[in-house]
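Here is the structure we will look at, set down as structure tokens.
The values are calculated or read from the model by the stated rules, or taken from the named source; none is laboratory data. All values reported here derive from a predicted model rather than from experimental measurement. Here the Cβ positions follow ideal geometry from the backbone for every residue, glycine too, while neighbour counts run over all protein chains shown. Accessible surface is based on the protein model in full, side chains and every heavy atom, while ligands, DNA and RNA are left aside. Shrake-Rupley method; radii C 1.70, N 1.55, O 1.52, S 1.80 Å.
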Amino acid sequence: MPSVRERLSRLRQKPPVERPKKVELADIVARLEESDRAFDHDLLKRVYDFSADKHSDQKRRSGEPYLTHPLQVGYTLADLGFDATCVAAGLLHDVLEDTLATREDLQERFGSDIAELVDGVTKIGQHEYVRRDQAQAETFRKLILASVKDIRAILVKLADRWHNMSTLEYLAPEARRRIARETLEIYAPLARRLGMSRLQGDLEDMAFYHLYPHQFAELQTAVEGKVKAGRRLVEEVRTRLEERLAEAGVDADINFRVKRFYSIYNKLRRRGLDISQLYDYVAFRVLTENVRDCYAALGVAHQTWRPVPGRFKDYIAMPKPNLYQSLHTTLVGEKGHPFEVQIRTLEMDRIAEQGIAAHWSYKEANKEGASDPNIVWLRQLVEWQKEVKDPRAFMTALKVDLYPDEVYAFTPKGDVFSFPFGATPLDFAYRIHTDLGHHCSGGRVNGKLVPLKTPLENGDIVEILTSSNRQPSRDWLKFVATTRAKSKIRHWLNTEQKKRSTEIGRRSVERGLRRHKVSLKRFLTQPALAGYLSREGLSRVDDLFSAIGFGKVTVKQMLAKVLTDEQLGTEAEKPGKLRQAVSRILPFGGGAGITVKGHDDLLAYLAKCCAPVPGEDIIGYITRGRGVSVHSVNCPNVENLLYNPEREIEVDWAGKSDEVFPVVLRVETEDRPGILARLTEIIAKHGSNISQMETDTREARETGRASIEVVVEVSDRRHLDKIRASVREIPGVIAVDRPMRG
Ligand code: MN
């Protein structure tokens, strides 16, 4: 039998989306005219000339003139049905970032709408931030803020991303992966949230193609084979349905399409299935004139084939938050193979494909209190995030909010709210009112008392019980799935903690002062105090107490600087001594690899949850009494810690050392003999040790897959990357992850 590697090399993968044809201004004008809008031809021409002039001496990585890119972006926007202002912004979207043009230039020449849109999609200069991820996140927040004012900013960005994805092969592998991942995590879900399913599908498939080329090729080949082999069956289903609908007098058009690769891939993974077990790769679509015919068609379908229980969804009665409407059902075909049918009106179909483009209007978009739920959603998102200071926390929160709403739950009065999967009665309480959340003592779901952490299910009727002496606890963060609830709970905890730490700090200062026989009153009028506070960036004495309560500043260090020599007397200790003692107690992994910027004396250790290795971006947190814990910036725990930005501290890898760092790798493999041996051999070849190994084959019998966890010792990130790459090459290995424990 040929190895997976050999099989794969025989597969010829094609990009999932065809390279766009070259477009010119005339094509854009033609598209704009088609959508029948009276637009300013002259302005568009001037915009084009300006962009052409500014980009004239630039080239794309592909070697093509740079102008091909803004032209393509403008065309995509015109093609989606957006107006000339939006298209103009598309043509100009890179001039602020990549040429010497200024915002004032644009404002003067083309007006404030266009200038603001282009500014909204322009990156924030790297120099304003120390760290790349921070600059990226802030750029993203800027885009969202611009989009709240004018939703077209996000549309320009999506069109930009679409074209960049379709020419991604010209970038270096590292950049390719980074951009593809960002597309999958942010931009595709954003398109989905705006109901633009075609654009979403394109972005996902292109990202999938670049991120997991082997899996993509395998899936593509398999699906193409199935489509060819199953053509007759599919036609039979269609003909039969057509006949039955005609008999029943339902006027409908039936078509089918092969599902998107990435959505198939996800489904297989979610259910742990092999490609050979894939049957519903085709979706039938029944399009009718009116809603009545939708339900009639559903009845006919259910009489012709047996429906799969629990798979029927009525998005007509309960539209998705992005206005998507359709009936979904899964039926069992002749050979027991399931297939999906979506039933909707022609108008619903247009909205399903184009989303916001189908019901978008500029007037509506700019009205205060616009009712388009997409715009309302953006506005809420910004509202809820006001308290979040760090742009990276904003980014993480956004990712959560972009998850598709899955669960609909009702108040006893019948008001419906949608929630992400995994939401609990506590999320429900916070959705209704912050105070209801803060005092939530329990929930009654469908009349039965349930624990607060019980996940809600579709159709649940939820009643919230409150108690006036109930208050949020840190545990609650584990029970909630919505950003809103999380951010409200964190805000409460933070305020509360600040109060407490101020109190703790005040008491320790008093204790310290007693030793020197100085009263608090005296201390507060100490001449050196004001200077000390301003040097430390503290505006009030309470902030000093709170810093001490948090363990950021020690009483001794502070008093040494504020009290006079006389007051300090012989009690004074040489600061160096303590510091030296502290840096010698390093729990594990040593601080040898790490330095804390500006505080060589601080105790630092690597967090166990993410176990960062040298070369990775890291971030430090001041813990209470345990020094600085160092996390990878990608660690899921960082999100929680970020809520206390004042405890964040910059850390760096110190120069080279001989140390090795333990890293957990989870290797997903086909369950076949010899893999373990091969794995150990490869890892040894890279000069690394395996210090632990665990295999989980429980699911192997059903899925044919096994999961192996190994702890390998690496010297730095490069070493780790090399090992991961080689392990991925082992025939039978499906994926290599580095699990982080949240
Ligand atoms: Mn661009």
Within region 121-128, is there a residue that is within 24 Å of residue 81 (Cα to Cα) and open to solvent by less than 20 Å² (accessible area, probe 1.4 Å)? yes
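At negative phi, part of a loop (DSSP other than H, G, I, E, B), within 14 Å of the ligand (Cβ to nearest atom) and crowded, with 18+ Cβ neighbours inside 10 Å - does that describe any residue in region 150-157?
Filtering region 150-157 down to residues at negative phi leaves 150-157.
Filter once more, so that each one left must be part of a loop (DSSP other than H, G, I, E, B): 150-151.
Then keep just the ones that are within 14 Å of the ligand (Cβ to nearest atom); that gives none.
Checking region 150-157: not a single residue is at negative phi, part of a loop (DSSP other than H, G, I, E, B), within 14 Å of the ligand (Cβ to nearest atom) and crowded, with 18+ Cβ neighbours inside 10 Å.
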Please determine whether any residue of region 546-563 is open to solvent by 60 Å² or more (accessible area, probe 1.4 Å) and modelled with pLDDT under 60. no
In region 689-742, what residues are modelled with pLDDT of 85 or more and hydroxyl-bearing (Ser, Thr, Tyr)? 715, 726
Residue 83 fails exactly one of the following numbered conditions: (1) at pLDDT below 90; (2) farther than 18 Å from residue 160 by Cα; (3) charged (D, E, K, R). What is the number of that condition? (2)
Could you please give the count of residues in region 592-624 that are modelled with pLDDT of 70 or more and either among the charged types (D, E, K, R) or assigned to a strand (DSSP E or B) (or both)? 11
Test for residue 192: is it open to solvent by 20 Å² or more (accessible area, probe 1.4 Å), within 16 Å of the ligand (Cβ to nearest atom) and closer than 21 Å to residue 399 by Cβ: no
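Would you confirm, using the coordinates I've provided, whether residue 183 is within 16 Å of the ligand (Cβ to nearest atom) and more than 21 Å from the chain's Cα centre (by Cα)? Working first, answer last.
Working: within 16 Å of the ligand (Cβ to nearest atom): yes; more than 21 Å from the chain's Cα centre (by Cα): no.
Answer is no for this residue.
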Can you name every residue in region 477-493 that is touching a Phe, Trp or Tyr at 6+ places or on another chain (Cβ under 6 Å) and either open to solvent by 20 Å² or more (accessible area, probe 1.4 Å) or more than 24 Å from residue 425 (Cα to Cα) (or both)? 484, 488, 490
What's the number of the only condition in (1) within 28 Å of residue 395 (Cα to Cα); (2) open to solvent by 30 Å² or more (accessible area, probe 1.4 Å) that residue 500 fails to meet? (1)
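Can you tell me which residue within region 96-109, out of those that are in a loop (DSSP other than H, G, I, E, B) and within 16 Å of the ligand (Cβ to nearest atom), is nearest to residue 42 (Cα to Cα)?
Step one: of region 96-109, the residues in a loop (DSSP other than H, G, I, E, B) are 99-102.
Keeping just the survivors that are within 16 Å of the ligand (Cβ to nearest atom) gives 99, 101.
Numbers: 99: 23, 101: 20 Å.
Checking each candidate, the answer is 101.
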Can you tell me which residue is nearest to residue 53 (Cα to Cα) among those in region 115-138 that are at pLDDT below 85 and within 16 Å of the ligand (Cβ to nearest atom)? 124
Unmet requirement for residue 533, which otherwise passes all of (1) closer than 30 Å to residue 621 by Cβ; (2) at pLDDT below 90; (3) surrounded by 12 or more Cβ atoms within 10 Å (Cβ to Cβ): (2)
Pairing a residue in region 538-550 that is at negative phi with any residue that is in a loop (DSSP other than H, G, I, E, B), where Cβ atoms lie under 6 Å and the two sit 6 or more apart in sequence or on different chains, gives 544/538; 547/553
Scan region 163-174 residue by residue and report those that are open to solvent by 30 Å² or more (accessible area, probe 1.4 Å) and within 12 Å of the ligand (Cβ to nearest atom). 164
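Do we find that residue 143 is within 16 Å of the ligand (Cβ to nearest atom), within 30 Å of residue 30 (Cβ to Cβ), more than 22 Å from the chain's Cα centre (by Cα) and part of a helix (DSSP H, G or I) in this structure? Spell out the reasoning first.
Values: within 16 Å of the ligand (Cβ to nearest atom): yes; within 30 Å of residue 30 (Cβ to Cβ): yes; more than 22 Å from the chain's Cα centre (by Cα): no; part of a helix (DSSP H, G or I): yes.
Here the answer is no, as residue 143 does not meet what is asked.
For the condition in a helix (DSSP H, G or I), closer than 14 Å to residue 558 by Cβ, touching a helix residue (DSSP H, G or I) at 6+ places or on another chain (Cβ under 9 Å) and of a type in the set (S, T, N, Q), what is the one hit in 508, 501, 487?
On the way: 501 fails: closer than 14 Å to residue 558 by Cβ; 487 fails: closer than 14 Å to residue 558 by Cβ.
Answer to the selection: 508.
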With (1) touching a residue at least 40 places away in the same chain (Cβ under 8 Å); (2) polar (S, T, N, Q); (3) within 30 Å of residue 619 (Cα to Cα) as the list, and residue 122 as the residue in question, which single condition is left unmet? (1)
I'd like to know if region 337-355 contains one or more residues that are closer than 26 Å to residue 231 by Cβ and polar (S, T, N, Q). yes
The one condition residue 112 fails out of (1) more than 16 Å from the ligand (Cβ to nearest atom); (2) among the polar types (S, T, N, Q); (3) open to solvent by less than 40 Å² (accessible area, probe 1.4 Å); (4) modelled with pLDDT of 90 or more is (3)
Any chance region 144-160 includes a residue that's charged (D, E, K, R) and under 20 Å from residue 178 (Cα atoms)? yes
What are the pairs with Cβ atoms under 7 angstrom where one residue, in region 192-207, is more than 21 Å from residue 174 (Cα to Cα) and the other, located anywhere, is polar (S, T, N, Q) and open to solvent by 10 Å² or more (accessible area, probe 1.4 Å)? Sequence gap at least six, or different chains. 192/200; 193/322; 194/322; 195/322; 196/354
Among residues of region 55-67 being within 11 Å of the ligand (Cβ to nearest atom) and without any contact (Cβ under 8 Å) to a residue 60 or more places away in the chain, the residue nearest to residue 160 (Cα to Cα) is 66
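Need at least 1 residues that are open to solvent by 60 Å² or more (accessible area, probe 1.4 Å) and among the aromatic types (Phe, Trp, Tyr) per element, so show me which helices (runs of 4 or more DSSP H) inside region 209-326 make the cut, counting only ones lying wholly within it. So that I can check it myself, show each step before the final result.
Numbers: elements: 213-247, 261-271, 291-304.
The qualifying helices (runs of 4 or more DSSP H) are 291-304.
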Residues being open to solvent by less than 10 Å² (accessible area, probe 1.4 Å) and away from the ligand (no atom under 15 Å from the Cβ) - total across region 68-85: 2
Can you tell me which residues in region 24-36 are in a loop (DSSP other than H, G, I, E, B) and at pLDDT below 90? 35, 36
